[in-house]
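The values are calculated or read from the model by the stated rules, or taken from the named source; none is laboratory data. Because the structure is predicted, anything quoted here is derived from the model rather than measured. All Cβ positions, even for glycine, are placed from backbone atoms using ideal geometry, and neighbour counts span all protein chains on display. Side chains are part of the model used for accessible areas, which takes the heavy atoms of the whole protein and leaves out ligands, DNA and RNA. Shrake-Rupley method; radii C 1.70, N 1.55, O 1.52, S 1.80 Å.
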Amino acid sequence: RELYYAKHSYDVFTMDMFIKMINWKVAIDHDFKVTTGGYCKYLKRYLTQEEMERFSAVFPDGSYEDIWKRLFIMYDYFAELAEYVADKLGYVFDFEETKKVREFLQKRYEEYLVNCKRV
C-alpha cells in the first residue's frame, strides 16, 4: 500500500514500454513513415477509434484498485501489440513467458487482496 511507489512504477516503467510498443505498431502500419510526435501528441491520428478507446483505458484514476485493474488491461493490450510487432518484424513471440508474467501479476494481485482484508 505504497501509492506513490505504485503510481510511479506504473507511469515510469510500465507505461514507457507500453508507449514504445504502441508506437512500433503505428510505425509498422505506416511503413515507418510517420511519427506520433513528442509525448505521442499525434497518436490519435494513427489509431482507430477502438484502438484509441483501448489506449485510453490504461490510465488509472489513482486508487489502488484502479491501478491494478488498469495494469491488467495494459498488460493484455501490450501482449497483443507485442505479438503483432514480433510477427511483422520477423521476431519470435514467447507465448509461454507472456503467460507466466500474467500469472505472476495475478498472484501478486491476489496477495494484495488478502492483505487488504487484514487491514
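One line per residue, one yes/no per condition, for (1) at pLDDT 95 or above; (2) surrounded by 14 or more Cβ atoms within 10 Å (Cβ to Cβ):
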position	(1), (2)
ILE67	no, yes
ALA79	yes, yes
TYR84	yes, yes
ASP94	yes, no
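Of the listed requirements (1) exposed (fewer than 13 other Cβ atoms within 10 Å of the Cβ); (2) modelled with pLDDT of 95 or more; (3) closer than 29 Å to GLU103 by Cβ; (4) polar (S, T, N, Q), GLN49 misses just one: (3). Considering only residues in segment 1-47 that are assigned to a helix (DSSP H, G or I) and among the aromatic types (Phe, Trp, Tyr), the one that is farthest from ALA79 (Cα to Cα) turns out to be TYR4.
Here the condition is being under 17 Å from the mean Cα position of the chain (by Cα) and closer than 21 Å to TRP24 by Cβ; of LEU81, LEU89, it holds for LEU81 alone.
When segment 101-119 is filtered for residues that are more than 16 Å from the chain's Cα centre (by Cα), of a type outside the set (Val, Ile, Thr) and open to solvent by 80 Å² or more (accessible area, probe 1.4 Å), the ones remaining, listed by number, are LYS107, ARG108, GLU110, GLU111, LYS117, ARG118.
Looking only at residues of segment 55-65 that are closer than 20 Å to ILE22 by Cα and not polar (S, T, N, Q), we find that the one that is surrounded by the most Cβ atoms within 10 Å (Cβ to Cβ) is VAL58. Residues that are of a type outside the set (A, V, I, L, M, F, W, C) and open to solvent by 90 Å² or more (accessible area, probe 1.4 Å) were ranked within segment 21-34; the one that is farthest from ALA86 (Cα to Cα) is LYS33. On the given criteria, is GLY90 open to solvent by less than 80 Å² (accessible area, probe 1.4 Å) and modelled with pLDDT of 95 or more? It is true that GLY90 is open to solvent by less than 80 Å² (accessible area, probe 1.4 Å) and modelled with pLDDT of 95 or more.
Whenever a residue of segment 15-27 is farther than 15 Å from ARG70 by Cα, its partners that are of a type in the set (Val, Ile, Thr) and part of a helix (DSSP H, G or I), lying with C-beta atoms within less than 8 angstrom and at least six residues away or across chains, give the pairs MET21/VAL85; TRP24/VAL85; LYS25/VAL85.
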